[in-house]
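Below you'll find the structure, written out as structure tokens, and then a few comments.
The values are calculated or read from the model by the stated rules, or taken from the named source; none is laboratory data. As the structure is a prediction and not an experimental result, all values here were calculated from the model. Cβ placement follows ideal geometry from the backbone for every residue including glycine, while neighbour counts extend to all protein chains displayed. Just the protein is used for accessible areas: all its heavy atoms, side chains included, with ligands, DNA and RNA removed. Shrake-Rupley method; radii C 1.70, N 1.55, O 1.52, S 1.80 Å.
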Amino acid sequence: MQITSILAIYILFWVISAFIMLPIGIKTHDELGQSKIAGQADSAPANFKPKLVIIRATILASILFGLFYANYVFEWITTETFI
């Protein structure tokens, strides 16, 4: 597998992982008992931490990519598995 393929597949895993991690741990102002600014949406997050999302997404993407690459090398699941 070429390095460009590895990088592209890892980036795909990372983006999917980031979208999975976005809603985890997020609370609204109402849930935290904080006051809202006039015109603010009721569902707006009050405690969004992008660094935490990046760290969690990187960890999840690394695990998923590791499993993907191990399957590529050791051929645990192949197309013949589904035929």
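Scan region 24-33 for residues that are in contact with a strand residue (DSSP E or B) (Cβ under 9 Å, 6 or more places away or on another chain) and not aliphatic (A, V, I, L, M) and the total you get is 3.
Residue pairs whose Cβ atoms lie under 7 Å apart, separated by 6 or more positions or on different chains, with the first residue in region 45-56 and part of a helix (DSSP H, G or I) and the second open to solvent by 70 Å² or more (accessible area, probe 1.4 Å), do not occur. For the structure I just gave you, tell me whether ALA46 is open to solvent by less than 70 Å² (accessible area, probe 1.4 Å) and in contact with a strand residue (DSSP E or B) (Cβ under 9 Å, 6 or more places away or on another chain). When the stated conditions are applied, ALA46 passes them. Taking region 1-34 as the range and being open to solvent by 100 Å² or more (accessible area, probe 1.4 Å) and either among the polar types (S, T, N, Q) or not in a helix (DSSP H, G or I) (or both) as the test, only GLN2 passes.
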